[in-house]
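See below for the structure under consideration.
The values are calculated or read from the model by the stated rules, or taken from the named source; none is laboratory data. Being a predicted model, the structure only gives us computed values, none of them experimental. Every residue, glycine among them, receives a Cβ derived from its backbone with ideal geometry; neighbour counts consider all protein chains shown.
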Amino acid sequence: MKVSYFPGCTLKTKAKDLDEQARACAEILGVTLEEISNWQCCGGAFTTASDEIATKLSSVRALMEANKKGQPLLTVCSACHNVIKQTNVAMKENPDNFAFRANMNLAPDNYNGEAEVIHYLELLRDKVGYDKIKEKVVKPLEGLKVACYYGCLLLRPSKVMAMDDAENPTIMEDLVKALGGEPVYYAYKNECCGGYIALEDAESAMKKSQKISNNAKAQGADVIITACPLCMYNLKKHTKDVPVIYFTELLAKALGIKE
Amino acid sequence: MEKSKENLIQDVVRRSGVNPRKCMKCGKCSGTCPAYDEMEYHPHQFVYMIETGDIEPLLKSKSIYKCLTCFACVDRCPRGVEPAKLIESIRLSVIREQGNNHLTPQMIPELIDEEMPQQALVTAFRKYTK
């Protein structure tokens with residue numbers, strides 16, 4: 001299976017390991033990630049205002065390319081996924097306003113949100129299947145207690161993102177189980193880490209990150225997993241007790257790619 | 001109400017796509033907001049003050065830069081009011097004015113460290129700057 005792949009700015013720089021692990025694991029599972037040509041940064045945040053057009057065009061361009069190839073557009077970074085999926089749904093739901101104006105800017109295409117946008121976790125669950133992943137596991141996690149951290153971007157707004165139940169998601173927990181680990185259940189798994197506030201109010205990000213880590217620790221977690229480089233930064237910078245890794249690192253270990 | 005203020009309120013509401021009059025004032029948005037402690041005006045106050053036309057204090061408040069756009073208020077509102085979209089719309093009214101960018105490239109060297117991901121920078125610029 002081949003899918004179009006939008007890595008995003010951070011997976012080419014500070015989060016190279018997330019990119020490399022995602023590609024390597026996909027190959028083992030029979031999926032090739034074809035990086036789309038000349039992609040541009042998604043901007044990190046979807047602007048909800050209906051009169052914002054230019055800030056969404058890089059996502060529209062990426063969607064058009066995937067659509068031309070007839071492939072789903074896959075992202076690993078939570079922020080890229082959020083921005084691109086929200087943009088795609090806006091293209092579909094506002095053909096006369098947003099989609100019309102975006103197409104005018106990117107002529108001669110006439111794109112109205114036909115592409116399928118999937119996150120890497122959805123690829124694993126829906127296209128590969130957790131049963132198949134279970135068969136490919138060579139080094140099971142042997143009861144490792146994993147706190148799955150979703151944050152905000154993967155799940156909300158839930159009507160648009162539609163990945164899982166936004167208040168009680170299990171897509172990562174089910175993956176951990178398939179890999180032989182033991183997910184721990186804790187209340188803060190879908191609360192915000194502070195995100196970009198880290199830049200101008202580190203204390204605010206610290207308070208939010210510590211609540212998440214302390215809650216995971218209280219439930220007995222050995223490790224916290226995330227899909228988002230900014231969650232990773234905030235949690236690593238402000239907490240010490242529970243290590244934080246990308247979910248792809250656990251996957252790569254279980255599939256025998258990484259020591 | 002003077003004409004320019006009326007137009008501004010209309011702009012804020014239209015751009016957000018939100019109907020603040022749907023609010024039943026249960027306060028769940030503010031109760032669930034992770035940035036509540038850092039805000040002078042809280043999500044339910046944004047909704048109420050826009051509904052009643054009292055928007056000058058919001059335009060001047062630092063609260064518009066404290067919203068994390070985590071959409072907790074949007075998802076958990078029992079009436080589908082979507083307060084985060086109103087906060088974003090107010091912020092856009094401010095930063096779209098010439099010279100009103102909340103973040104400039106000159107400020108960056110002092111704010112970053114070795115480990116900070118590019119994602120933090122692009123997102124902050126998208127949110128704070130035009």
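Please name all residue pairs, on different chains or six or more residues apart, with Cβ atoms under 6 Å, provided the first residue is in region A:50-66 and is within 16 Å of A:Tyr111 (Cα to Cα) and the second residue is surrounded by fewer than 18 Cβ atoms within 10 Å (Cβ to Cβ).
Qualifying pairs under 6 Å: A:Ile53/A:Arg101; A:Leu57/A:Asn105; A:Ser58/A:Gln40; A:Met64/A:Asp109.
Scan the helices (runs of 4 or more DSSP H) fully inside region B:1-108 and keep the ones with 1 or more residues being closer than 27 Å to A:Leu155 by Cβ.
B:3-16, B:28-32, B:43-51, B:72-76, B:83-95
For region A:42-59, state whether one or more residues are under 28 Å from A:Arg125 (Cβ atoms), of a type in the set (D, E, K, R) and surrounded by 18 or more Cβ atoms within 10 Å (Cβ to Cβ).
Yes; the residues of region A:42-59 include at least one that is under 28 Å from A:Arg125 (Cβ atoms), of a type in the set (D, E, K, R) and surrounded by 18 or more Cβ atoms within 10 Å (Cβ to Cβ).
Hey, any hits in region A:12-21 for a residue that's modelled with pLDDT of 95 or more, in contact with a helix residue (DSSP H, G or I) (Cβ under 9 Å, 6 or more places away or on another chain) and more than 14 Å from chain B (Cβ to nearest Cβ)?
Yes, region A:12-21 contains at least one residue that is modelled with pLDDT of 95 or more, in contact with a helix residue (DSSP H, G or I) (Cβ under 9 Å, 6 or more places away or on another chain) and more than 14 Å from chain B (Cβ to nearest Cβ).
Where residues in region B:90-112 are polar (S, T, N, Q) and out of contact with any helix residue (DSSP H, G or I) (no Cβ under 8 Å at 6 or more places or on another chain), which of them is farthest from B:Val47 (Cα to Cα)?
Looking at residues that are polar (S, T, N, Q) and out of contact with any helix residue (DSSP H, G or I) (no Cβ under 8 Å at 6 or more places or on another chain), I get B:Gln106.
List the helices (runs of 4 or more DSSP H) that sit entirely inside region A:111-218 and contain at least 3 residues that are free of Cβ contacts under 8 Å to residues at least 40 places away in the same chain and over 14 Å from the mean Cα position of the chain (by Cα).
Details: elements: A:130-136, A:158-161, A:171-178, A:202-218.
Of the helices (runs of 4 or more DSSP H) lying wholly inside region A:111-218, those with at least 3 residues that are free of Cβ contacts under 8 Å to residues at least 40 places away in the same chain and over 14 Å from the mean Cα position of the chain (by Cα) span A:202-218.
Out of region A:71-97, which residues are surrounded by 20 or more Cβ atoms within 10 Å (Cβ to Cβ) and either of a type in the set (Lys, Arg) or part of a strand (DSSP E or B) (or both)?
A:Leu73, A:Leu74, A:Thr75, A:Lys85
Please pick out the residue among A:Leu230, A:Leu155, A:Leu199 that is facing another protein chain (nearest Cβ under 9 Å) and under 21 Å from A:Tyr130 (Cβ atoms). First the steps, then the outcome.
On the way: A:Leu230 fails: under 21 Å from A:Tyr130 (Cβ atoms); A:Leu199 fails: under 21 Å from A:Tyr130 (Cβ atoms).
After ruling out the rest, the residue left standing is A:Leu155.
Among the residues of region A:55-113, which ones are touching a Ser or Thr at 6+ places or on another chain (Cβ under 9 Å) and on the phi > 0 side of the Ramachandran plot?
A:Gly113
What do you reckon, is A:Lys68 in a helix (DSSP H, G or I), of a type in the set (Lys, Arg) and under 30 Å from A:Asp17 (Cβ atoms)?
Values: in a helix (DSSP H, G or I): yes; of a type in the set (Lys, Arg): yes; under 30 Å from A:Asp17 (Cβ atoms): no.
Considered against the rule, which asks whether it is in a helix (DSSP H, G or I), of a type in the set (Lys, Arg) and under 30 Å from A:Asp17 (Cβ atoms), A:Lys68 comes out as no.
Of everything in region B:110-130, what is polar (S, T, N, Q), in contact with a Cys (Cβ under 8 Å, 6 or more places away or on another chain) and closer than 14 Å to A:Leu153 by Cβ? Give them in sequence order.
In the first step, residues of region B:110-130 are kept if they are polar (S, T, N, Q); the result is B:118-119, B:123, B:129.
Okay, now just the ones that are also in contact with a Cys (Cβ under 8 Å, 6 or more places away or on another chain), so B:118-119.
Within region B:110-130, just B:Gln119 meets the criteria.
In this structure, is B:Tyr65 exposed (fewer than 15 other Cβ atoms within 10 Å of the Cβ) and within 13 Å of another protein chain (Cβ to nearest Cβ)?
The answer is no for B:Tyr65.
How many residues are more than 7 Å from chain A (Cβ to nearest Cβ) and surrounded by fewer than 19 Cβ atoms within 10 Å (Cβ to Cβ) when one looks only at region B:96-127?
Residues that pass the stated criteria total 17.
Among the residues of region A:34-49, which ones are assigned to a loop (DSSP other than H, G, I, E, B) and either touching a residue at least 60 places away in the same chain (Cβ under 8 Å) or of a type outside the set (A, V, I, L, M, F, W, C) (or both)?
Keep residues of region A:34-49 that are assigned to a loop (DSSP other than H, G, I, E, B), which gives A:36-49.
Of everything in region A:34-49, those that are assigned to a loop (DSSP other than H, G, I, E, B) and either touching a residue at least 60 places away in the same chain (Cβ under 8 Å) or of a type outside the set (A, V, I, L, M, F, W, C) (or both) turn out to be A:Ser37, A:Asn38, A:Gln40, A:Gly43, A:Gly44, A:Ala45, A:Thr47, A:Thr48.
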